[in-house]
Amino acid sequence: DAEITQSPRHKITETGRQVTLACHQTWNHNNMFWYRQDLGHGLRLIHYSYGVQDTNKGEVSDGYSVSRSNTEDLPLTLESAASSQTSVYFCASSESRQGAGELFFGEGSRLTVL
Amino acid sequence: KQEVTQIPAALSVPEGENLVLNCSFTDSAIYNLQWFRQDPGKGLTSLLLIQSSQREQTSGRLNASLDKSSGRSTLYIAASQPGDSATYLCAVFTPGNTPLVFGKGTRLSVIA
């Protein structure tokens, strides 16, 4: 079955370190998204991509970057991790144009920045 | 800017009860609305997707309705079971806005 996988599922890092969270989907979806989920804030969009070489900033993009070199992967990089970036990160994908279709989520990556 | 609100934030009901979860949005020019379920420590699972031209969608004991003009959607769960305990989130897609704006969810507990 097609799926979307995130790795690592859990990570502890130190302030100032660079961290990359991986997201891989096998549906061949054009659209991929990164969200963070925090108590009191719900799900907030970090970055998204509508296709290879396309990336866009979401509402909380500062301190994060993404690149889309193929259809299957959208890695999320924290250039210099900060304690405020301790969160659960979710990757998602969808098929329809401009992100309008049904959204499928990965299981999440829990990041702790000490 | 589209905003999505879900009230109540938490709900506890006895097993077997029929219940309604609410979702409201500020910009009625939506393309579609989705309902998701999230179990603790897990990702979100899509339950129902309603296009703007539809009034409702059904899947098993779940029925979602959409009233675009009033900016509201409801998720009806029939004959609730303890296994329905989870957080339910709604999200809307509005053309010209950033992708899918989420509500903060309603945490449902069904007590046996």
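Residue by residue through the range A:79-84, which ³J(HN,Hα) values in whole Hz follow from phi under the Karplus form 6.51 cos²θ - 1.76 cosθ + 1.60 (θ = phi - 60°), with glycine and proline marked x?
5, 8, 4, 10, 4, 5
What share of the DSSP beta bridges in the protein assembly as shown is antiparallel, in percent to the nearest 5?
Approximately 90 percent, going by the DSSP bridge assignments.
Roughly how big is chain B's charge dipole about its Cα centre, with Cβ charges of +1 (Lys, Arg) and -1 (Asp, Glu), in debye to the nearest 20?
It works out to roughly 200 debye.
May I ask for the net charge around B:K1, where only other residues with Cβ less than 10 Å from the Cβ of B:K1 are counted and Lys, Arg are +1 while Asp, Glu are -1?
The answer is -3.
What's the local net charge at B:K104, with K and R +1, D and E -1, over the other residues with C-beta under 13 Å away?
Result for the local shell: 0.
Taking the Cα centre of chain A as origin and charging only Cβ (+1 Lys, Arg; -1 Asp, Glu), how large is the dipole, in debye to the nearest 20?
Charge dipole, chain A, about its Cα centre: 280 debye, nearest 20.
Can you classify chain A as rounded, prolate or oblate using the Cα gyration tensor, where a ≥ b ≥ c are the square roots of its eigenvalues, rounded means a/c under 1.5, and otherwise it's prolate if a/b beats b/c and oblate if not?
The shape class here is prolate.
Mind grabbing the interface size between B and A? I mean buried accessible area, both sides, 1.4 Å probe, in Å² to the nearest hundred.
1500
Between the range B:31-76 and the range A:1-36, how many Å separate their Cα centres?
What the calculation gives is 26 Å, centre to centre.
Tell me, what is the per residue accessible area of the protein assembly as shown in Å², probe radius 1.4 Å?
Using a 1.4 Å probe on heavy atoms only, each residue of the protein assembly as shown averages 48 Å².
Once you sort the root eigenvalues of the Cα gyration tensor of the protein assembly as shown as a ≥ b ≥ c, which label holds: rounded (a/c under 1.5), prolate (a/b larger than b/c) or oblate (the other case)?
Since a/c reaches 1.5 and a/b is larger than b/c, the shape of the protein assembly as shown is classed as prolate.
When chain A is modelled as a GNM with alpha-carbon springs shorter than 10 Å, which of A:G42, A:G58, A:G101 fluctuates the most?
With Cα springs under 10 Å in chain A, the top fluctuation among A:G42, A:G58, A:G101 is at A:G42.
Any aspartates and glutamates with Cα under 20 Å of the B:K42 Cα? List them, leaving off those in the same chain fewer than 8 positions away.
A:D1, A:E3, A:D38, A:E102, A:E107, B:D84
The values are calculated or read from the model by the stated rules, or taken from the named source; none is laboratory data. Just so it is clear, the structure is predicted and the values come from calculations on it, not from any experiment. We place every Cβ from the backbone using ideal geometry, glycine too, and count neighbours over all the protein chains shown. Heads up: the accessible areas ignore ligands, DNA and RNA and are worked out on the full protein's heavy atoms, side chains in. Shrake-Rupley method; radii C 1.70, N 1.55, O 1.52, S 1.80 Å.
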